[in-house]
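Data first, discussion second: the structure below is written as structure tokens.
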Amino acid sequence: EELGIGVCPGPVDSLYPCFIANGYSQEMIHKVFGTGPLIDCLTIPVRNGAGMTLGLFFVKYNTNDLKKWASPDTEVFDSSRHFFGMDVCRKRVAKEQRVILLSDPYAAAILIDKGLDMCLSTAGTELSEGHIRELTNLGVRKVILLRDDSSFTTDESFRSASRLIKGARMECRATRCIDCGIPAAIVRWGIRHVMEDLNNAELVFGPKSN
């Protein structure tokens, strides 16, 4: 409930009242969601630090092969800058100056729900300079890239993210979660290894933490 995750069982029209209340115009709603049905989809809101919904991340869950996609960029939603989890995790991330970073809001939501409220995720996109600026504004000094079946899956995406973090003079660590495409595996692995052993993540570059 805190993350605002819901289910869209039918036509997207059912979401209109919520988004109109958040300042979206009818034109913008159609631009983001179209008019077709989103049957059996989880809707994961991407919010800013003040809790305003900027866009949505969708997960089609009535299939063995999960389908995930984000709403397109609009005047208020910028997928090259905005993170999922900012409304819930912003305070702790800023206080501890470190973040666990994913590129799958679905996986991040599961970890946050289990108490790991220092996770941020891109909206299914590659890490960009816009994201790095957001982390810099939060005062982040240490980034832990969580690699799994849905986040930073390729060596290329991992190296690209690492270069951007290095360029911002942040410490970068990386750790891998096996079979994180399965929610139960995320919970078992995340709670046991991420929450308790953050400093044991593989050091990619940067000064070793005390």
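Please sort 119-129, 152-162, 74-84 by packing, taking for each peptide the average over its residues of neighbouring beta carbons within 10 angstrom, highest first. Spell out each step's value before the answer.
On the way: 119-129: 22.1, 152-162: 15.9, 74-84: 19.5.
Ranking the peptides 119-129, 152-162, 74-84 by packing returns 119-129, 74-84, 152-162.
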Subject >> Label point at SER25 placed 7 Å out along Cα→Cβ; residues across the range 74-93 whose backbone nitrogen lies under 19 Å >> reply: 74-78
Original post:
If the limit is 29 Å between Cα atoms, which of LYS95/LYS166; LYS60/LYS95; LYS60/LYS166 go over it?
Top reply: LYS60/LYS95; LYS60/LYS166
**OP:** Apply 1/(1 + (r/R0)^6) to the Cβ-Cβ distance of GLU75 and ARG133, taking R0 = 30 Å, and write down the FRET efficiency to the nearest 0.05.
**Re:** 0.95
**OP:** Could you pull out every residue, at least 5 positions away or on a different chain, whose amide H is within less than 5 Å of the one on LYS114? Hs are placed 1.01 Å off N in the peptide plane, and Pro or chain starts have none.
**Re:** none
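Coordinate-derived values only; no laboratory data. What you see is a predicted model; the values in this text were computed from it and never measured. All Cβ positions, even for glycine, are placed from backbone atoms using ideal geometry, and neighbour counts span all protein chains on display.
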